[in-house]
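Worksheet for the structure shown next.
Nothing in this text is a laboratory measurement; each read-out follows from the coordinates by a stated rule. For clarity, every value in this text was computed on a predicted model and none was experimentally measured. Cβ placement follows ideal geometry from the backbone for every residue including glycine, while neighbour counts extend to all protein chains displayed.
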Amino acid sequence: MSETRTGSGSMSLTTKVMIGMGAGLVLGVILNSLQIGWINTHIVGGLFRMIGQMFVNALSMLVVPLVFFSLICGVAGIGDVRILGRVGGKAFGLYILTTAVAIAVAICIALVVAPGQGFVMEGVDTAGVTGREAPSVWDTFAGIVPKNPVAAFAGGEMLQIIFYTIVLGVATLMMGAESAPFVRAAEFMNELMMKVVQIVMSFAPIGVFCLITRTFTEQGIGLFLPVISYVGVLVFALLLHLFVTLMIFLKVFSGLDPFTFIRKIRPAQAFAFSTASSNATIPVTLRCVTERMGADTGVASFSVPFGATINMDGTAIMQGVATVFLANVYGIDLGIAGYLTVIAMAVLASIGTAGVPGVGLVMLTMVLNQVGLPIEGIALILGVDRLMDMIRTAVNITGDAVVSVIVSKTEGKLDLSVWNDPDAGMAADPLDIDPAAEAQLAGLAHPHPHAQGQPRPAE
Ligand code: ASP
């Protein structure tokens, strides 16, 4: 892939992040095998942990304002309440469908392979693992409407924020020309947020390096051995969803070529893998689907942040495989009804949770509670979860991108000249956010540059 050199002529940010990942992996594995006490405690567990945490905090800091302003621009960009309803309905339906298929397939694979059978529960520290009660379906839906939008924003309640923002966007559309200054202000704020994203992203190589070094120093490779069957089945199910199921969805619903998609989505997947956060990856996913694939900016600015919150195919797959694994470990037969409950729970749980690191494991406690499996079992898979989180987040954002492209295409709003151009958007580094380009991305008044037949910037 010939992506990513920016004007400065130096190495692109994507390349630097890749190098950070690779170096972190190598260093982590070495440090784990050497086990030099003070380095592991003070450098990796101290300095690196601090830098990694600061980077993740900075990413989280971006999420709420980013989702708010990009959704306002998305709704205003769609421009018509009826089209918004149709786009929203399609995106929601496809998100639920892909998640349900993902977990159903994962459970079937896990039932056939039966990971965890004959596992001996020994020396597993189950202290401190506490479960979470599952809310009822009705409560989940009732909880979408915030009592107090300020509290929703302060608490980072993504579903409530999305609900409130869409209502605000619809009101904006209903007010027509009168709301133009507000829309312009939202566009400006979106642009400003992109500048902040650019600042945070410039620290990505070092942040990613610290995060990955710490994961591998603390966890090493040996940690995988006891749960190798779980990891093997999970990774297989995740890759199957990524490369087969989602690509079938893409082909069937849009007729587009899966290979083109896979090539163009890679930077977003790499970023999701490094940060383990779908939310933090929103700007990169957005750029990949609009600038590289030609999806409509109005549709994508709506469907990508929406998907980052409600669509978690990879997380659902983890929950399916983990449930079967733990049922086998404890010798409990859940039966068809039990597995159907798991599917329903995982889909519901994925709707109401923000795409941030580690949240999938918290959701798993709800699923286990619901089907009566011991929560302590989570201790078994805790150690490998960070790495699994990285892979499943890449799957999550791929699902968001597939649905965004399908919705754009079926709305007749996918620019095929961009989709078919192997170099479209490749000149710009998707991690290197250029606020001016973002303004255009969100810019309701300025359609996609390629759509206007303007020349692309030179490679
Ligand atoms: N980290 C995942 C995401 O952001 C959620 C999870 O499975 O923990 O999409």
- request: Please report how far the C-alpha centroid of segment 276-306 lies from that of segment 175-254, rounded to the nearest whole angstrom.
  value: 11
task: Arrange the following residues from fewest to most other Cβ atoms within 10 Å of their Cβ: 229, 202.
output: 202, 229
- request: About the Cα centre of segment 234-337, how large is the charge dipole given +1 on each Lys and Arg Cβ and -1 on each Asp and Glu Cβ? Please answer in debye to the nearest 20.
  value: 340
- request: Could you please state, rounded to a whole Å, how far the C-alpha centre of segment 385-401 is from the C-alpha centre of segment 70-89?
  value: 27
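Of the listed pairs 16/409; 251/413; 90/264; 147/195; 16/251; 264/409, which have alpha-carbon separations greater than 27 Å here?
16/409; 147/195; 16/251
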- prompt: By count of other Cβ within 10 Å, fewest leading, how are 103, 39 ordered?
  reply: 39, 103
message: Can you give me the Rg/Rh ratio for segment 205-276, using Cα atoms for both radii and the Kirkwood formula for Rh?
response: 1.09
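If packing is taken as the average number of other Cβ atoms within 10 Å across a peptide's residues, how do 383-390, 371-378 rank, most packed first?
With the highest mean Cβ count within 10 Å placed first, the list reads 383-390, 371-378.
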- request: Among 312, 233, 212, flag the residue with its Cα farthest along the positive direction of the charge dipole of segment 211-316, charges on Cβ as +1 for Lys/Arg and -1 for Asp/Glu.
  value: 212
